[in-house]
Every structure is written in structure tokens, then in C-alpha cells.
1. How much of VAL120 can a 1.4 Å solvent probe reach, expressed as accessible area in Å² and rounded to 10?
2. THR105 versus ARG136, label points 7 Å from Cα toward the beta carbon: distance in nm?
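The values are calculated or read from the model by the stated rules, or taken from the named source; none is laboratory data. The shown structure was predicted, so the numbers you read here are calculated from the model rather than taken from an experiment. FYI the Cβ positions are ideal-geometry reconstructions off the backbone, even for glycines, and counts take in every protein chain you see. In case anyone asks, the SASA skips ligands and DNA or RNA and just uses the protein heavy atoms, side chains included. Shrake-Rupley method; radii C 1.70, N 1.55, O 1.52, S 1.80 Å.
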Amino acid sequence: MYPFPQTVTPAVRSHMDAQTAFLNDMSKSMFRSFQQMCDLNIQLVQTLVEESTLASQQVLSADRQTEMLSAAAARAQPTSDKLRAYQHHISRLAADAQVELARVTEQHVQNTTRTARALVDEVTRSTAEETERNIRTQQEALRNAADPFARRDGDARHAMEGNGEMQRGQPGQGAQQSGAQGNRPAGAATH
């Protein structure tokens, strides 16, 4: 069905398992940090809504303008304290998230590095074997292309070499004969 083999080597499998475990633990810790941040935001919004509701009730129930101003001023200090506490909580959550991510990374880095090294070693070994196999195939193809009539046992080569010497000798004799004629054209008479 597929043109490529579907085999997965143990080194690839173990490296993928190590990577998956690392990414799963990273995503769990990030999700936990995100969830804590959302909970903190929900708490802040609930607190601010309650504070604004109390402040609006006091403002609406005040009979004089001075009572309204004093009620609004009295709510300003607790609200700023709550925002300062929120900022402190956010800083603490960010620091905790960094510590957790560092712990997860430290926990998985040795295993992931070990499996990556094993994978690199296996890829190097299989690449070297494949390269050697390809070189042998190319050398065999070059030998076959260089002497296409040679048999594997070498008999045809010896027979061809013997015939070649005899054939080479004949043109040489013809050259000597033409040299005796003095390089004259074929139809010229000798005197």
C-alpha cells in the first residue's frame, strides 16, 4: 500500500516515547499553571464585583454628598490592597511555573538525550551499511559496463584477449606492408 517500509526501529520508538512523555509532562505543568492563573483571575473578579456592589450600595444609601465621597474613599484603599495582592500572586504563580518547568525538563532531559544518542548511532550505522551496499552495487555495475562480454569465471575475457592479440597483429602486418609500398596510393604502379 505504501512505497516505504512501515518498520519502526526500537531506537526510534524509545526516542519518540521519551519525547512524548516529556511533552506530556510539560503540557500538564503548563495547564496546571494556566488553571491556577484562571482561578486567581476569577477570584479577583469576584472580589472586585463584591467590592463595587458594596460601594454602590453605600453611595446609593447615603443622604449627603459628603457621605458618598467618604464611602467611595473608604473603598479605594481595600481595592488597591487587593490589586497589590493579585500582582503578588501572579508573580508567585509565574515563579512556581518556571520551577515546575525546570523540574520537568531536568527529569526528562537525561532520558531524552540518551534515546537521541541511541537513535543517532543507529541512523549512522544503518547509513554506513546502506552507503557500503550502494558502493558495492555501483562498483559491480561499473565492472559490468567496462567489460560487458566477460563472464563471471573470466573465460570469455581470456578468449577475447587472445583474439585481440591476433587481430592486433594483423593490422600491424598490414601497416608494415603499406609501409613497404612507400605510402603510395593503391592504384599507383611501382617502377
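1. Ignoring ligands and nucleic acids, VAL120 comes out at about 90 Å².
2. Result for the modelled spin labels: 4.6 nm.
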